[in-house]
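Chemist: Below are the structure tokens for one structure; questions will follow.
The values are calculated or read from the model by the stated rules, or taken from the named source; none is laboratory data. Given the structure is predicted, the values throughout are model-derived calculations rather than measurements. Cβ: placed from backbone, ideal geometry, glycine included. Neighbour counts: every protein chain shown. Protein only, heavy atoms only, side chains kept; ligands, DNA and RNA dropped before computing areas. Shrake-Rupley method; radii C 1.70, N 1.55, O 1.52, S 1.80 Å.
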Amino acid sequence: MGDAEQTALESPVFCEGRYKPFGQMTVADARLRSEELGEAGGWGPLTKVAGVALAWRELAQEMKDSGAARVADLDPEVAFAFARRVWAVPPRGSLL
């Protein structure tokens, strides 16, 4: 695993009132993030949030399908790709 992938797994993600490393997120955590972000709406300036909510939902499904208990249990390339899609790794040029 390269530095970028390791850094992505260590990136803090807010879930259930606290921060936890992206790599420690469970299927339930991913579903919860999807629901929370989905409640924000998906129109106007929040359109991008809807895409991130979808990515969290797809991450939860990927983890379930592969039997991964947490993100760190996924193939490193898959985990890193999802880290970018769910903004655990901020988009390039972002002020996040």
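Chemist: Taking square-rooted eigenvalues a ≥ b ≥ c of the alpha carbon gyration tensor, is the range 50-96 rounded, prolate or oblate, where a/c under 1.5 means rounded and, failing that, a/b exceeding b/c means prolate?
Modeler: It comes out oblate by the Cα gyration axes.
Chemist: Something else about it: Mind checking the angle between helix 47-66 and the chain's longest principal axis? C-alpha axes, 0 to 90 degrees, to the nearest 10.
Modeler: So the helix axis and the longest Cα principal axis differ by about 30 degrees.
Chemist: Sticking with this structure for a sec: If you take the alpha carbon radius of gyration of the range 3-51 and divide it by 2.2 N^0.38 Å, what ratio comes out, to two decimals?
Modeler: Working it through for the range 3-51, the quotient is 1.29.
Chemist: Something else about it: With an 8 Å cut-off on Cα pairs and a minimum separation of 6 or more residues, tell me the relative contact order of the range 14-93 in percent.
Modeler: Values: 83 pairs, mean separation 25.2, N = 80.
After rounding, I find 31 percent.
Chemist: Using bins 10 angstrom wide from zero, how does P(r) for the chain break down, in % of all Cα pairs?
Modeler: With 10 Å bins starting at 0, P(r) equals 18, 52, 27, 3.
Chemist: How far is helix 27-39 tilted, in degrees, relative to the longest principal axis of the Cα atoms in the chain, given as a value from 0 to 90 rounded to the nearest 10?
Modeler: Result, in degrees: 10.
Chemist: I've got another one for you. Using a 1.4 Å probe on the protein chains only, how many percent of the accessible area of the chain belongs to carbon and sulfur?
Modeler: Result for the chain: 54 percent of the exposed heavy-atom area is carbon or sulfur.
Chemist: With each run of n ≥ 4 DSSP H residues scored as -39500 (n - 2.57), what mean residue ellipticity at 222 nm is computed for the chain after dividing by its residue count and rounding to the nearest 500 deg cm²/dmol?
Modeler: Calculated at 222 nm, the ellipticity per residue is -17000 deg cm²/dmol.
Chemist: What nm value, rounded to one decimal, do you get for the distance between Leu46 and Ala69 when each label is placed 7 Å out toward the C-beta?
Modeler: Distance between the two pseudo-spin positions: 3.6 nm.
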